[in-house]
1. Would you kindly state how much longer the chain becomes between Lys177 and Ala156 on full extension, computed as 0.36 nm times their sequence separation minus their alpha carbon distance, in nm to one decimal?
2. Mind giving me the nanometre distance, one decimal, between the label points for Lys107 and Gln144, set 7 Å out from Cα along Cα→Cβ?
3. With θ taken as phi - 60° and the coefficients 6.51, -1.76 and 1.60, list the Karplus ³J(HN,Hα) couplings across segment 169-176 in order, rounded to whole Hz; mark glycine and proline as x.
4. For Asp38 and Glu56, calculate 0.36 nm times their separation in residues minus their Cα-Cα distance, and state this gained length in nm to one decimal.
5. Mind listing the phi-derived Karplus ³J(HN,Hα) values for segment 79-91, rounded to whole Hz, using 6.51, -1.76 and 1.60 with θ = phi - 60°, and x for any glycine or proline?
6. What does the C-alpha gyration tensor say about the overall shape of segment 154-195? Classify as rounded when a/c is under 1.5, otherwise prolate if a/b is larger than b/c, or oblate.
7. By how many nm would the segment from Lys91 to Lys209 grow when fully extended, if each residue of separation counts as 0.36 nm and the alpha-carbon distance is taken off?
8. Can you give the FRET efficiency to the nearest 0.05 for Glu201 and Asp133, using r as the Cβ-Cβ distance and R₀ = 22 Å?
Amino acid sequence: MSKLCSLRCSAGLVLTCLLLFTLSCSREKGADAPKGTDKDTPNVVDTSGSNKVIEEATEAIGRDPNGVDERSESAYARRGRAYADKKEYDKAIADYTEAVRVYQAVKPRFFRPRLLEAYNGRAACHQRKGEFDTAIADYGEVIQLGRGGFADLGEAMIFGGFAAEAHYKRGICYDEKGNHTKAMVDYKEAVRLSPALANNEDLKKRMGK
């Protein structure tokens, strides 16, 4: 029994490291989240790595549109992330939408984390475009996927982190729409799920309005 528990814990930690790394690659740079849209951040993009990812992902999609790799990731998701890095948000949104379709059809091994990741990426793109209602809906999907039913501590860390960030970003979207009351509900829940967010300067300013 102890060996089985140890193996489960090890598997959970490996999955945690994998998905936290992916999240760190796909989330916004810096300690604080952006203030709503691309108007709030410098328009400087290094596309060298993204172009290579797009080329390789496009080839993979051509071979098998419904395929996933050994990490259960769709090539659509990889290409969507690369397009997002290039600020080509319409293309990124289209690819994340296809990734959601693939995951729901194939039900890969890490179905829930990958589906959550795709919704999170698409939500961020809608937010960057100022499409706040659509972003709010996608962040809601992330929050739903991030609620309870965890297999182990590793999953709890992953999903709890995604859900906390989704509450924070959804709150920003509500603020951008002028609904600070709903925004505050999300900000408070974000801090409850991830107390470290209380040190986020942007969040502190928003909660102090």
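We did not get these values from a lab; they are worked out from the coordinates using the rules stated. Not measured: the values here are computed from a predicted model. A quick note on method: Cβ atoms are made from the backbone with ideal geometry, for glycine too, and the neighbour counts reach across all protein chains shown.
1. Value of the extension gain: 4.4 nm.
2. Each label point is offset 7 Å from its Cα along the Cβ direction, giving 1.8 nm.
3. 5, 5, x, 4, 4, 4, 4, 4
4. 3.8 nm
5. 5, x, 5, 5, 5, 4, 4, 8, 6, 9, 5, 5, 5
6. Values: a/c = 4.48, a/b = 2.39, b/c = 1.88.
Taking the square roots of the gyration eigenvalues as a ≥ b ≥ c, segment 154-195 is prolate.
7. 38.9 nm
8. So the FRET efficiency works out to roughly 0.25.
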